[in-house]
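*Asks:* For reference, the structure I am asking about is given below.
The values are calculated or read from the model by the stated rules, or taken from the named source; none is laboratory data. Just so we're clear, the structure is a prediction, and the values are computed from it rather than from any experiment. All Cβ positions, glycine included, derive from the backbone under ideal geometry; neighbour counts span all protein chains shown. Ligands, DNA and RNA are stripped out before the accessible areas are found, and what is left, the full protein with its side chains, is counted by its heavy atoms. Shrake-Rupley method; radii C 1.70, N 1.55, O 1.52, S 1.80 Å.
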Amino acid sequence: MKVIIRGKNIDLTEGIETKINKKLSVLDKYFIMSDNVEAKVLIRVYPVGQKIEVTIPTEYVLLRAEVVNDDLYNAIDLVIDKLEGQIRKYKTRLNRKSKDNKLAFNVASIEDLESEEEDTIVRTKTISPKPMDMEEAIMQMELIGHSFFVYRDTETNLISVVYRRNDGNYGLIETE
């Protein structure tokens, strides 16, 4: 796996790069074509801690994890643990979808989760998106207390989704 490391507000030392490369090399056993997989690592330093974001796009699934911690080396360990957890979680899902096993993962090397739960849909809801602008959609979302809201944009007449991000801001998903 190729590793691309970038830093914001930090000088990347050889020790940091070595630690990241060593930890990410543990994930190599999960990928069939490790030369084609490219891990992108972004390290940011804030006044209250360090944040590490790792994104690994494969042909069939996008793995992404981020951790904020006071100690950068602990954050690196925790982000690797999160990625391994995601890989184990997706193992069953990927096995069900691809019986011919032409996956980007080496499924044989992934251990089973101890208590593997199947994803189940507990509720289905049908909606008729109402025409409105984004500001009105945000207001409607806040009024009903949801973290997202589906509506028909009055300007484009397309279905859009407005959502609340973890940082408290809003995001917009537009269809084509």
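*Asks:* Here are some conditions: (1) at pLDDT 85 or above; (2) touching a Phe, Trp or Tyr at 6+ places or on another chain (Cβ under 7 Å). ILE110 meets all but one. Which one does it not meet?
*Replies:* (1)
*Asks:* So, in region 113-147, exactly how many residues are among the polar types (S, T, N, Q), open to solvent by less than 70 Å² (accessible area, probe 1.4 Å) and either modelled with pLDDT under 80 or under 24 Å from the mean Cα position of the chain (by Cα) (or both)?
*Replies:* Here the count works out to 1.
*Asks:* Another question about this same structure. Within region 13-58, can you find the residues that are at pLDDT 90 or above and part of a loop (DSSP other than H, G, I, E, B)?
*Replies:* THR13
*Asks:* Which residues, taken from region 154-176, are under 18 Å from ILE127 (Cα atoms) and in a strand (DSSP E or B)? Full working, then the answer.
*Replies:* Just the residues of region 154-176 that are under 18 Å from ILE127 (Cα atoms), to begin with: 154, 157-163, 173-175.
Of everything in region 154-176, those that are under 18 Å from ILE127 (Cα atoms) and in a strand (DSSP E or B) turn out to be ILE159, SER160, VAL161, VAL162, TYR163, ILE173, GLU174.
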